[in-house]
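Asker: Got a structure for you, written out below as structure tokens; questions coming shortly.
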Amino acid sequence: MRKNIMWAVIVVTAALIQTTWLDAIEIAGVVPDLALLLVIYFAVNDGEERAMFTGVLAGIFQDIASEATLGHHVLCLVLIGFTVGRLTTRLITEHPAIKAGLVLAAGLVNGILYTAIGYVQEPGLTALRTIAAVVIPGAFYTALVTPLVFLLLDKPFRRDGTTAGGAS
């Protein structure tokens, strides 16, 4: 019960930071995606169910804070959480490079999916420019902060040195 409450507080806090204060570490108009990092962290350590719940909770906050139609962030994060959660059951995910690679790949897929949904709703959107200028740099920036965020999250959530998706 305590772990679930702590999980909800951390997800809500990260979503609030993502939508308010994260502009302080903006580089060339790009910020790391904390919601995506949490989804990947919980997919690696707890499996797809916790990752999908994380995607719903964080995605709701992102949807409310953005000008997008409600559900865009939720859909993208839930799909990423499920996919990475299923994938990590077949990977050894203890190495930081593997985790950063998962975040990079998930960031690219998340951004492309989000851009594609926006393009379907508004065909005048410059999808390729958005992918090149925002999605790719954002995915790299998010992957760069992965070790720090995962280290901070390991303190309250790590259980006896094992993970759900990989080596012990």
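Asker: Please get the size of the charge dipole for the chain, origin at its Cα centre, with Cβ charges of +1 on Lys and Arg and -1 on Asp and Glu, quoted in debye to the nearest 20.
Answerer: My answer is approximately 460 debye.
Asker: Using alpha carbons only, how many degrees (0 to 90, rounded to 10) separate the axis of helix 146-157 from the longest principal axis of the chain?
Answerer: 50 degrees
Asker: Separate question: Among ASN110, ALA100, LEU125, which residue has its Cα furthest toward the positive end of the charge dipole of segment 2-155, with +1 on Lys/Arg Cβ and -1 on Asp/Glu Cβ?
Answerer: Toward the positive end, the furthest listed residue is ALA100.
Asker: What order, most packed first, do the peptides 109-118, 8-17, 65-74 have when packing is the mean number of other Cβ atoms within 10 Å of each residue?
Answerer: Top of the packing list down: 109-118, 8-17, 65-74.
Asker: For Kirkwood radius over Cα pairs in Å, one of (1) 17.4; (2) 23.6; (3) 15.9 was computed from the structure I shared and the rest are decoys. Which label?
Answerer: Comparing each candidate, only (3) matches the computed number.
Asker: Just to be sure I understand: with springs between alpha-carbon atoms less than 10 Å apart, which residue in ASP33, ASP46, ASP23 has the highest mean-square fluctuation in the Gaussian network model of the chain?
Answerer: ASP23
Asker: With contacts defined as alpha carbon pairs under 8 Å and 6 or more residues apart, what's the relative contact order of the chain in percent?
Answerer: 27 percent.
We did not get these values from a lab; they are worked out from the coordinates using the rules stated. No experiment lies behind these values; they were computed from the predicted model shown. Cβ: placed from backbone, ideal geometry, glycine included. Neighbour counts: every protein chain shown.
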